[in-house]
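Undergrad: Handing you a structure now.
The values are calculated or read from the model by the stated rules, or taken from the named source; none is laboratory data. Since the model is a prediction, treat every value here as computed from it, not as a measurement. When we count neighbours, we look across all protein chains shown, and the Cβ atoms used for this are built from the backbone with ideal geometry, even at glycine. Side chains are part of the model used for accessible areas, which takes the heavy atoms of the whole protein and leaves out ligands, DNA and RNA. Shrake-Rupley method; radii C 1.70, N 1.55, O 1.52, S 1.80 Å.
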2 protein chains.
Amino acid sequence: MRPNKRDELVSKALDVFYANGFHATGMDKLVAVTGISKTSMYKHFRTKEDIILATLELRDENFRAWLYRQVEALADTPKGQLLAIYDALEDWFSLPEFRGCMFIKASAEFQELDHPIHVQSADHKRLLTEHFVDVAKAAGLNDPENLARQLMILKEGAIIMAVMGHSENPAMDAKAAAQALIDAASH
Amino acid sequence: MRPNKRDELVSKALDVFYANGFHATGMDKLVAVTGISKTSMYKHFRTKEDIILATLELRDENFRAWLYRQVEALADTPKGQLLAIYDALEDWFSLPEFRGCMFIKASAEFQELDHPIHVQSADHKRLLTEHFVDVAKAAGLNDPENLARQLMILKEGAIIMAVMGHSENPAMDAKAAAQALIDAASH
DNA sequence: CGTTATGTTTACCGATCTGTACATAAACCC
DNA sequence: GGGTTTATGTACAGATCGGTAAACATAACG
């Protein structure tokens, strides 16, 4: 019951769910991938759904920490950081293991609005939006809430177009659009 | 083997898949919902995957026909029609049965890039993009391909934000952004 | 060494998954 | 009408689903 076994399970389950989907991944597959017996898994988690929720929690922490750090490393002004979001996306999209947004996929497989997995996915997007609001405020731009929602739309749309694969560089398409919106909010 | 039975199956299967997901919907559920026996289904389609592909084909026809018609009804200039896309989205989002984009969800459940379901979902997005390029050209705007990709990003992003439910009106957020992009492309 | 807690393995449960064999009913041809 | 094709319903096969009971190994503590 030492906690690192639990973390190892969650970390490896995250990779499998991300690459193969939630319904499509059975518990037997998790056993095969992690080398942890099914009984041990059910010592740590009551249900498969609890495992999924734990992987989403980890993903939320990892992704937001990565994005925020990346954005801060790429630009030192708030306005520049808003644009740097899309440079970070470009790096993400080019990774060979890129498979789209885990939270979009989770909410696609668990659609009921009050389902815990759907709620947790929506929370991730809410936290990102709130962070963008803060940066937009720091940049002194007009109507930061509105701008943040638009930048989120560009981010999510770029992810979808990256998965669908009909644009050479959806991240830069979105960045150019973001530039226009930021200019418009600079009165 | 009369064809209307087949169409009835596809039409009802579309509703169930859209509302409940693909992996989460078993053949027994389709039997219960459609009243068509499993044997008859497998007379019309070799596999469940073939049924899914047929529902996506129907959805593609229905959605694009609806969107194009709606956009033409709402505006008579090409430039106005590009903006009317988001008015149409607003209507769609407000429907009680709105559950996001079926193709985004399909590609989320069938992730391999060469999977027929993924390919068909990507085709739907490609057809939409090409249509937007045509309208942008008719409007005489700069770099119509680039603008069309950006309008697609706004459309897909608005759908995601509508599903996640943190904006009062994601369609209008996207419309305002689209207005700024169209202005920027009007040199 | 013996006892007790702790975690793992194995084997399995009932339910459900996609897909099919077979027997029956309906519709057609003559 | 009799005979033949065609569609349907039943019932089930084999695999896999999420989840569990009980035997087994391991280590800690006296």
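Undergrad: Could you say which residue among B:H124, B:H118 is in contact (Cβ under 8 Å) with a residue 40 or more places away in the chain and under 21 Å from A:E109 (Cα atoms)?
TA: None of the other options fit; the residue is B:H124.
Undergrad: Does segment B:5-20 contain at least one residue that is within 14 Å of chain A (Cβ to nearest Cβ) and at positive phi? So that I can check it myself, show each step before the final result.
TA: Going through segment B:5-20, the residues within 14 Å of chain A (Cβ to nearest Cβ) turn out to be B:15-20.
From what is left, the residues that are at positive phi are none.
The answer is no; no qualifying residue exists.
Undergrad: Restricting the first residue to segment A:90-109 and requiring it to be at positive phi, which pairs with a second residue that is in a helix (DSSP H, G or I) and open to solvent by less than 10 Å² (accessible area, probe 1.4 Å) meet a Cβ separation below 7 Å and a spacing of at least six or different chains?
TA: Listed pairs, sorted by first residue: A:G100/A:I159; A:G100/B:A108.
Undergrad: Still on this structure: Given the residues A:L67, A:L89, which is the only one that is within 14 Å of chain B (Cβ to nearest Cβ), away from DNA strand D (no atom under 12 Å from the Cβ), more than 27 Å from B:F22 (Cα to Cα) and open to solvent by less than 30 Å² (accessible area, probe 1.4 Å)?
TA: Working: A:L67 fails: within 14 Å of chain B (Cβ to nearest Cβ).
Matching residue, one of A:L67, A:L89: A:L89.
Undergrad: Scan segment B:148-168 for residues that are of a type in the set (D, E, K, R) and surrounded by fewer than 19 Cβ atoms within 10 Å (Cβ to Cβ) and jot them down.
TA: Within segment B:148-168, B:E168 is the sole residue that qualifies.
Undergrad: In segment B:148-173, what residues are touching a residue at least 40 places away in the same chain (Cβ under 8 Å), at the interface with another protein chain (Cβ under 9 Å from one of its Cβ atoms) and under 15 Å from A:T129 (Cα atoms)?
TA: B:A158, B:I160, B:V163, B:P170
Undergrad: Hey, can you tell me all the residues within segment A:4-36 that are among the basic types (K, R) and surrounded by 17 or more Cβ atoms within 10 Å (Cβ to Cβ)?
TA: Within segment A:4-36, A:R6 is the sole residue that qualifies.
Undergrad: Quick check on segment B:123-147: of everything there that is among the aliphatic types (A, V, I, L, M) and either open to solvent by less than 10 Å² (accessible area, probe 1.4 Å) or over 14 Å from the mean Cα position of the chain (by Cα) (or both), which residue is farthest from the other protein chains (Cβ to nearest Cβ)?
TA: That would be B:A138.
Undergrad: Please specify each residue of segment B:30-49 satisfying the condition of being part of a loop (DSSP other than H, G, I, E, B) and more than 9 Å from DNA strand D (Cβ to nearest atom). Please lay out each step first, then the result.
TA: At the first step, the residues of segment B:30-49 found to be part of a loop (DSSP other than H, G, I, E, B) are B:35-37, B:45-47.
Correct list: B:F45, B:R46, B:T47.
Undergrad: Still on this structure: When you check B:T39 against the structure, is it more than 14 Å from the chain's Cα centre (by Cα) and either at pLDDT 95 or above or crowded, with 17+ Cβ neighbours inside 10 Å (or both), yes or no?
TA: Considered against the rule, which asks whether it is more than 14 Å from the chain's Cα centre (by Cα) and either at pLDDT 95 or above or crowded, with 17+ Cβ neighbours inside 10 Å (or both), B:T39 comes out as no.
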